[in-house]
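Some notes on the structure that comes next.
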Amino acid sequence: MDQAPAGAVPAMRQRIVQHRGRRYSLKLEPEFWVWLEGLAAARHMRLNVLIAEIAREIPDGGNLASALRQYCLAEAGHRIMRLEDRVLDLTLSSGLTKLPVIVEASPAPTLLVSHDHVILRVNGAFARWSGISRKDLIGRPFDRFFNFAAAAPMAEVWRRLGQGYDRPIPAKLTYLAPGRVVVAKATICAASIKSPRDFSCMVMIDVTW
């Protein structure tokens, strides 16, 4: 699939879906169609059945396209929360050996960042989300592209991670893409901790605001 340049607005895709005599004409971004098809397959049902099921839950006058987007985002949030718990278990028990596999397998946009803020690993979902190729990200300083904000100053967050803090840390990530500012929820968690000056952390993007 061709990747749209950063800042480009994805073209809407129109589809007509029918179920039990009801006809739905819908326009959604391609990414939402992909999500809906995947969610329907995970539930072993046809796409039209899933859409009809969601449509039945909408109050009179509600917008079906908006409801479908909200459904996708809610499911993505649930998956990411489950993934965060799994990643935390794996990273604390297995060290660095499995980290590349974990990052690559993550359905969420995910980065592996070193103690000195260098990007060590980027999964395909992150490259698609940011519009920046992996080769342009790996080995570069994280702060060159992105800015973090958390409840504590980032220097304090990094200090805690280096001292073995083992809980996910919620943060806000800001990305200055061409022609737009992207703000997203993110989660930072320790990945490998050898010493306060030798550790890495995983950054997972949640839902774009």
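Values quoted throughout were computed directly from the atomic coordinates according to the rules given, and no laboratory measurement underlies them. In this text, all values refer to a predicted model and were calculated from it rather than measured experimentally. Here the Cβ positions follow ideal geometry from the backbone for every residue, glycine too, while neighbour counts run over all protein chains shown.
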Per-residue HN-Hα couplings for region 159-173 [Karplus 6.51, -1.76, 1.60; θ = phi - 60°; Hz; x = Gly/Pro]: 5, 4, 4, x, 8, x, 4, 10, 10, x, 10, x, 8, 10, 10
Phi to ³J(HN,Hα) by Karplus 6.51 cos²θ - 1.76 cosθ + 1.60 over region 107-122, Hz, x for Gly, Pro: x, 8, x, 9, 10, 10, 10, 7, 4, 9, 6, 8, 6, 9, 8, 9
Selected from M202, S133, T110, residue furthest toward positive end of dipole (region 95-208; charges at beta carbon): S133
Phi to ³J(HN,Hα) by Karplus 6.51 cos²θ - 1.76 cosθ + 1.60 over region 54-71, Hz, x for Gly, Pro: 5, 4, 5, 8, 7, x, 3, x, x, 9, 5, 4, 5, 5, 5, 4, 4, 4
